[in-house]
Each structure stands twice: as structure tokens, then as C-alpha cells.
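Single-structure report; data block below.
Laboratory data are not the source of any read-out in this text; all were calculated from the coordinates shown. On a predicted model such as this, the values are computed, not experimentally measured, just so you know. Please note: Cβ atoms are built from the backbone with ideal geometry, for glycine as well, and neighbour counts cover all protein chains shown.
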């Protein structure tokens with residue numbers, strides 16, 4: 001089924017066409033009717049003021065909703081980063097190198113079957129069977 005929300009460019013083109021058409025109709029009606037008479041000018045100013053006020057409110061609420069959505073997304077990303085930080089705050093990531101570069105390697109981090117650290121330090125050299133050579 002056709003969902004217009006999946007095609008924002010088409011919505012843009014349709015909106016521009018609708019605005020152009022309404023502007024053209026407004027210009028045509030304005031030329032056809034001529035100038036506004038003085039007694040009707042005050043009524044026109046009143047309607048124009050109300051219309052512009054409503055337009056300002058719509059724009060204000062739109063920006064308010066956009067800022068609210070932005071803040072919500074920012075808070076969700078902060079929560080996710082904190083969750084990842086909590087998950088990653090283990091000894092392996094705080095101190096990944098155990099051995100001195102000038103001594104025989106005597107300790108290593110234990111890794112599970114997937115190669116992920118288990119936070120256990122083994123007091124021996126890592127078995128070379130874990131390393132797979134590709135030719």
C-alpha cells in the first residue's frame with residue numbers, strides 16, 4: 001500500500017504546488033475585486049491580525065514539539081550511553097595490558113568461546129591454540 005510518509009519529496013512537491021495554486025487564485029481574486037473600501041479595511045485588518053496570530057501560535061507549537069522531541073531523544077541516548085558504560089566498566093577495559101613489555105608474559109585475560117573477556121586473570125601464558133593462522 002502507498003504510504004505518502006515514505007516519500008517526503010513528493011509531499012514537498014505537492015505542498016509547493018498547492019501553495020502556488022492558492023497564491024495564484026488569491027492574486028486573481030485580488031485583481032478582480034479591486035481595492036478594499038475604507039469601511040471594510042478595518043475589518044480586514046482585524047481578520048489579518050487574528051490570522052497572523054494563529055499562524056504564530058502554530059509555528060510556536062511546532063518548534064516547541066520539535067525541541068521536546070529533541071530533548072527526549074537526547075535523554076534516551078544518554079541513558080543508552082550510561083547503560084553501555086555500565087556494561088563496559090569492567091577490569092578488562094580499564095586495564096587491558098597486564099604484562100610488562102620487558103618481561104616474559106606471565107598473565108593474560110581469560111576469553112570465552114566467542115573471544116570476549118570474562119574478567120578473570122589467568123596466571124600463565126595464553127595457549128597458542130587460541131590463535132588461528134590463515135595462509
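I'd like the distance between the alpha-carbon centres of the range 1-31 and the range 93-118, rounded to an integer number of Å.
64 Å
When N counts the residues of the chain, how does its alpha-carbon radius of gyration compare numerically with 2.2 N^0.38 Å, as a ratio? Before the final figure, lay out the partial values.
Values: Rg = 34.0 Å, N = 135, 2.2 N^0.38 = 14.2 Å.
Dividing the Cα radius of gyration by 2.2 N^0.38 Å gives 2.40.
Quick check: residue separation of residue 114 and residue 128 times 0.36 nm, minus the Cα distance between them. What number comes out in nm?
Details: separation 14, 0.36 × 14 = 5.04 nm, distance 1.60 nm.
Computed gain between residue 114 and residue 128 is 3.4 nm.
How far apart, in nm, are two points set 7 Å out from the Cα along the Cα-to-Cβ line at residue 51 and at residue 73?
Spacing of the two 7 Å Cα→Cβ label points: 3.4 nm.
Can you compute the radius of gyration and Dmax for the range 1-71, using only the Cα atoms, both in Å?
Values for the range 1-71 (Cα only, Rg and Dmax): 17.9, 54 Å.
So if I restrict to the alpha-carbon atoms in the range 44-89, what is the Rg, and what is Dmax, the biggest pairwise distance, in Å?
Every Cα atom of the range 44-89 included, Rg and Dmax give 19.9, 67 Å.
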